[in-house]
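This report refers to the structure that appears directly beneath it.
The values are calculated or read from the model by the stated rules, or taken from the named source; none is laboratory data. Since we're looking at a predicted model, the values are computed, not measured. No Cβ is skipped: glycine too gets one built from the backbone with ideal geometry, and neighbour counts run over all protein chains shown. The area values use the complete protein model at the heavy-atom level, side chains included, leaving out ligands, DNA and RNA. Shrake-Rupley method; radii C 1.70, N 1.55, O 1.52, S 1.80 Å.
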Amino acid sequence: MTDVVKLMKQEVGRAAANRVQSNTVVGLGTGSTTAFAIQFIGERLKSGELTNVKGIPTSFQAIVLARDFGIPLVSLDEVDRIDVAIDGADEVDPQKTLIKGGGAAHTQEKIVDSLADQFIVVVDSGKLVDKLGTTFLLPVEVVPMAVTPVMRAIRGLGGEPTLRMGVKKAGPVVSDNGNLIVDVKFANGIDAPAELEKTLNNIPGVLENGIFAGVADVVLVGEVKDNQAIVREL
Ligand code: 5RP
């Protein structure tokens, strides 16, 4: 990550953390941008500026970061509602439809982000695209025994699936839910994301895919202009 990208992620994470209010339940997303938001929420709690904030994690990474930064965690069994969720994205189109799952966490992220009264997306400007699927492959979480028929079905839909492999780990990436991740390339990008989201989830063996249509309420974009990091709302 270059220093400029890091700065954009940091400032957009801070802006989202500043929107969190006391006495609320906050969905804690996954990824390097949300990590800054979690850090700043923790700092606001520590300073006493915020009180009584509880986090709902979307991944093992979010659990670890929340513990590191002193945010008490609760599960979905313990709350009636989530006030706000903060999460990153891999691509954002002009309709605020997202591709997520770069960290293989999109299944739990979609559950938490969809339940929140307000879902705030935090991205650096490099994530904005005119059409989804043009800069990032679409992640699909698949039950391991179904990986071959699911990949066949995806080919039938015009996608080119690749099983995501581990880094510094032999074999495939295994999600927090014990499943595999297939990354799908669509040659000309994704024409109808909301339809494709449903079609993919209808394939037996697919747990969840990374298209988030109609979920994002607010998109905060970190940018650098004249050597200054600024945050704007899409
Ligand atoms: C994880 C995600 C992340 O939110 C997404 O990959 C963005 O990550 P980063 O903020 O590190 O760019 O969807 O599954």
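Observations
- Subset of segment 19-52 that is in a helix (DSSP H, G or I) and away from the ligand (no atom under 16 Å from the Cβ) - its residue that is farthest from residue 100 (Cα to Cα): 47
- So residue 84, is it in a strand (DSSP E or B), in contact with a strand residue (DSSP E or B) (Cβ under 6 Å, 6 or more places away or on another chain) and farther than 30 Å from residue 48 by Cα: no
- Residues within segment 53-65 that are within 13 Å of the ligand (Cβ to nearest atom), farther than 19 Å from residue 114 by Cα and of a type in the set (A, V, I, L, M), tallied: 1
- Taking segment 90-108 as the range and being out of contact with any Gly (no Cβ under 6 Å at 6 or more places or on another chain) and outside any loop (DSSP other than H, G, I, E, B) as the test, the residues that pass are 91, 92, 98, 107, 108.
- When the residues of segment 184-234 are filtered to those that are part of a loop (DSSP other than H, G, I, E, B) and hydrophobic (A, V, I, L, M, F, W, C), the one that is nearest to residue 146 (Cα to Cα) is 203.
- Scan of segment 42-56 for residues that are free of Cβ contacts under 8 Å to residues at least 40 places away in the same chain and open to solvent by less than 20 Å² (accessible area, probe 1.4 Å), ordered by number: 42, 50, 53, 55
- Segment 66-88 - residue that is within 18 Å of residue 176 (Cβ to Cβ) and open to solvent by less than 50 Å² (accessible area, probe 1.4 Å) and, of those, nearest to the ligand (Cβ to nearest atom): 88
- Residue check, residue 59 surrounded by fewer than 19 Cβ atoms within 10 Å (Cβ to Cβ) and among the small types (Gly, Ala, Ser): no
- Matching residues, segment 117-150, being open to solvent by 20 Å² or more (accessible area, probe 1.4 Å) and under 21 Å from residue 192 (Cβ atoms): 127, 128, 130, 131, 134, 135, 136, 137
- All of 147, 112, 121 fail the test of being away from the ligand (no atom under 12 Å from the Cβ) and touching a strand residue (DSSP E or B) at 6+ places or on another chain (Cβ under 7 Å), apart from 147.
- Count of segment 184-215 residues which are surrounded by fewer than 21 Cβ atoms within 10 Å (Cβ to Cβ) and in contact with a Pro (Cβ under 7 Å, 6 or more places away or on another chain): 2
- First in segment 90-105 and on the phi > 0 side of the Ramachandran plot and more than 14 Å from the ligand (Cβ to nearest atom), second anywhere and of a type outside the set (Lys, Arg) and open to solvent by less than 10 Å² (accessible area, probe 1.4 Å), Cβ under 8 Å, 6 or more apart: 96/121; 96/219
- Single residue of 70, 48, 27 found to be closer than 30 Å to residue 189 by Cβ and of a type in the set (Gly, Ala, Ser): 27
- Residue check, residue 117 within 21 Å of residue 95 (Cβ to Cβ) and part of a strand (DSSP E or B): yes
- Taken over segment 1-18, the criterion of being basic (Lys, Arg), open to solvent by 40 Å² or more (accessible area, probe 1.4 Å) and within 11 Å of the ligand (Cβ to nearest atom) is satisfied by 6 alone.
- The single condition among (1) closer than 16 Å to residue 163 by Cβ; (2) open to solvent by less than 20 Å² (accessible area, probe 1.4 Å) that residue 218 does not meet is (1).
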